[in-house]
Structures are given as structure tokens and as C-alpha cells.
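What follows is a short report on a single structure.
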Amino acid sequence: MIAVVPTSLDREDKRRWAGKILFFLLSFLALTLPFDGYNVLGLGSLFRFMGLFVLVTFFLLLLANWRLMRKLIEKLNNIISFSILLFVFWSGVTIFWAPNPEWAFTRLLSYFGLLGITFATALLSPAAVARLWVALVLGVAISIPLGFVLPHPNPLVAESGRFSSGGKDPNDYANLALIAFVVCNFGTLAYAVRRKRGISFLLPWIAIIAIPLSGSRTALINVIATVSLGLLRKGLRGVIYLLVIIGLSAVGFFSFSENTYVSTFINRASSLTDLQSEDTWAGRLDIWQAAWQVFTEHPLGGVGLANFAWVSPNYSSTAAYISSLREDGGGGVAHNSFLSVLAETGLIGFMLFLLLQASVFLHLWRLRRQEPLAWSLILGLVSYWIASLALTWEYNKIAFFLYGSALALKSRGRNEA
């Protein structure tokens, strides 16, 4: 029998196939992200099942492909990877003193799955990462018409006059759509082939319709800040674009002012002029004070991962009311990622979380002149931070897509500035 020695061409072909499989699975995951609020057969979201499948496949590909494993090891050797791994590790340590260790362990398992997605994304090329975000914004665009057809699992959303889709909370849905918009609109066009640039340009503008439909005030503030920042960087042309967008938006709101979703959005947006009213904050001030009090009582290690909602009824009347409506005995989440991390993982976890955010930002900032996607990911990260001021998003999936995308970009030379 003649032994066949694999050639370098064979090995290269296997590496490409591994990359294609990884990209296909991650693209499908990105496409389904806007729908992960739906519960499949009572077992969890489609994203959860796909995320587990991607994690297992990723592990098998690493075992079968040494070059892929070596590339992963290279990606692990940087401050972003160190900080995210240390943050998840410390979050896991807090299980030992969490009053509800079951909740903490469930969150830790979610973090493990998200780490797999992060490092799998990190192995893609910048062009593949750009296509991944196009798949995500395509999912948002598809979810908008489906939101009018499929009933939301929470009937209170429909009664509120606010739009959402994918089974998501309107605020989560709108800010997800915004992050997908800014990354795609300001970064992915540079990687699109000429015949597909029209689609890549149109899809983000369809996705952003989710913001006025949702009535999310957080998303409204977010879109004003990030889109203005993105357009003003383009100079005079960007200023003209911004004025045109403002004008068209004003005409659109005036023309459809009788529509339920538009009128709800206008009413909610106008409430931002009265910041002294408790109604404007929707109970957040009370919960934020509770989160700070929990931190002061557990300053070093926090109350335990995912356990603020468990103890919050003891500190907040708003959380106590929420607890009376829940079957699991939990109260309200912190509605602020930074306060949530501070209350649940203490000062140690908070510093690691800040280190993660700062390292991702600085990495992207150094690459902003080399990779068009770097600047758009900066805008996506800033958008994530703004959303995190009003939402409990430290474990949100979109954040780990941002981390993985940042890791996928690398310097083309010694000088990254």
C-alpha cells in the first residue's frame, strides 16, 4: 500500500474549508440574533441552540486543524483576550457567595458560549467579519415586517403602542438594530463587491426604521449621538447628509403623526424634556440607587453573578413590585450595565469590565486608519456603551460580536497609529 503524504496545497484546502464552515455557522447565528427572544419548544431561543452547535463545531475544528489552533493561540495573546477571560473567570468565582448560585451558574454557562462565539469570530478575516455584520443587519431588516405579523410573546408590548420583533423588549430590539446599522453603514461598504454595494447600503437604512417604531428613548439618544459622530467625521459631505436625514425625518414624522407607533414615539421623545419627572425614568432612579447600595454592602466581590435581581426587592420598591409579577421570585435588573457589574461582581469585576471596554476601544482606535471596519466598530462600541447606561447589557450577545470583530482586525505593520 502506498502512503499518501498530504501536500501543502491539501493542508491549505482543509484550512479554507474550516474557515468556510466557521463563517457559515457564525453568519447564520448573526442572522438569527434579532429573533433570539422567541422560545423554541419551551427549551430556549434558536440562538441558544445554534450557539451551542457553533461552540461544539468550533472545538472540533480546532482539534482537526492545527493552523486554526495556532491562530487562536495568537489571538489569545493580547490584552482584550486577557481582560475578557479574567472578567468571565472572576464572574464565575462570585458563584461561591451568590445567594442564588443556580442563577449565577446559568449566567456563567451563557458567558462560556459567548466566549466561543467571540473567539470563533476573531479567527475570521476583516472581509468575512464585514459580511457577518451584513447578515446581522439583514436579520434585523427581515424581523421588521415579521414583527407586524407574529404576535409578541408579551402582550403588554402590544398594548403599550410600541413595536418590537423577535420576542425582544422594544429597547433591546431598537438598540440592537442601531448597532447593526452603524457598523454596516459606516464600515462594511468598503469590503463589498461592486454588484452588492447597493444591497449593503440599503439594508442598514431599512433596519434603522426599528428605532422610531419601537418608541425607545434610549435608542433615540443613541442614534443622535452615534450617527452624528459618524457623519460629522466625513466633513462637509457628512454635515449635508445629517441635515438631509433630519429634514426627511421631520417630514416623515409630520406625515405619519396619526400612526399609533409614530405618535407613541413622539410622546415618549417629548417626555425627555421633563427629566425631573419620575415617569420619564420609569423607575430606573430607584433601581440605580438600589444597585449602588448593594455595591456599598458588598464592595469587593459583589452580591454574585446574576444575583442583583434576586436581592433587589429588598432594596427597591420598584424591584419589589416587579418581583410580585414574576414567578421565580426575582425582582428588577439594574437597568445599567456598569452598575449591574459593580453590584454583582464588585470592584474587581468592575475594573476588569472597564479594562475590557478600554482595551477594545484602544485597539480599534489604533487601527482606524488601516481598516475601514475599525471606525464603524468604534461607533458600534460607543452605541453599546450608551445603551448600557439604561439597559442591563453586560452579557448581551451583540457585545461579544463586537469583541470578536475587534479581535479579528490586526495591524498591517508595526505602526498602528
Point to revise | Heavy-atom surface of segment 289-395, accessible at 1.4 Å and reported per residue (Å²) | key: 37
Point to revise | Most to least accessible of Leu178, Leu138 (protein chains only, probe 1.4 Å) | key: Leu138, Leu178
Review point. Of Lys20/Lys71; Lys20/Lys234; Lys20/Lys410, which pairs sit farther than 25 Å apart, going by alpha carbon to alpha carbon?
Key: Lys20/Lys234
Study note, to complete from the structure: Ranked output for segments 292-299, 366-373 by mean other Cβ atoms within 10 Å, highest leading, reads 366-373, 292-299
Check your understanding: With a ≥ b ≥ c the root eigenvalues of the C-alpha gyration tensor of segment 69-185, is it rounded (a/c under 1.5), prolate (a/b larger than b/c) or oblate?
Key -> oblate
**Study point:** Dipole magnitude of segment 24-166, debye to nearest 20 (Cβ charges: Lys/Arg +1, Asp/Glu -1, about Cα centre)
**Key:** 420
Review point. Hey, got the dipole for segment 106-214? About the Cα centre, +1 on K and R Cβ, -1 on D and E Cβ, debye to the nearest 20?
Key: 500
Point to revise | Apportionment of accessible area to carbon and sulfur, segment 118-163, percent (1.4 Å) | key: 73
Practice item. Starting from the Cα of Phe96, step 7 Å along the direction of its Cβ; do the same at Arg67; then give the gap between the two resulting points in nm. Key: 4.3
Study note, to complete from the structure: Taking 308-319, 81-92, 207-218 and ranking on average Cβ neighbours within 10 Å, highest first, one gets 207-218, 308-319, 81-92
Review point. Heavy-atom accessible area per residue, segment 130-203, 1.4 Å probe: how many Å²?
Key: 43
Exercise for review: Please give the length that would be gained between Leu150 and Phe53 if that part of the chain were fully extended, namely 0.36 nm times their separation in residues minus their C-alpha to C-alpha distance (nm, one decimal).
Suggested key: 32.3 nm
Check your understanding: HN-Hα J couplings of segment 98-104 from phi, Karplus 6.51/-1.76/1.60, θ = phi - 60°, integer Hz, Gly and Pro as x?
Key -> 5, x, 10, x, 5, 4, 5
Review point. In what sequence, highest mean first, do 52-63, 161-172 appear when ranked by Cβ atoms within 10 angstrom?
Key: 161-172, 52-63
Check your understanding: How long is the gain from Ser271 to Trp292 if the chain were fully straight, where each residue apart is worth 0.36 nm and the alpha carbon distance is subtracted?
Key -> 5.0 nm
Study note, to complete from the structure: A correct Karplus calculation of ³J(HN,Hα) over segment 70-78, with 6.51 cos²θ - 1.76 cosθ + 1.60, θ = phi - 60°, whole Hz and x for Gly and Pro, returns 5, 5, 5, 4, 5, 5, 6, 8, 7
Exercise for review: Give the calculated FRET efficiency between Glu159 and Leu109 to the nearest 0.05, with a Förster radius of 25 Å applied to their Cβ-Cβ distance.
Suggested key: 0.15
Exercise for review: Heavy atoms only, probe 1.4 Å: what % of the accessible area of segment 328-383 goes to carbon and sulfur, would you let me know?
Suggested key: 76
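The values are calculated or read from the model by the stated rules, or taken from the named source; none is laboratory data. Just so it is clear, the model here is predicted, and its values are computed rather than measured. Positions of Cβ are generated from backbone atoms using ideal geometry, with glycine treated the same way; all protein chains shown enter the neighbour counts. Quick note on the areas: whole protein, heavy atoms, side chains included, nothing else; ligands and nucleic acids left out. Shrake-Rupley method; radii C 1.70, N 1.55, O 1.52, S 1.80 Å.
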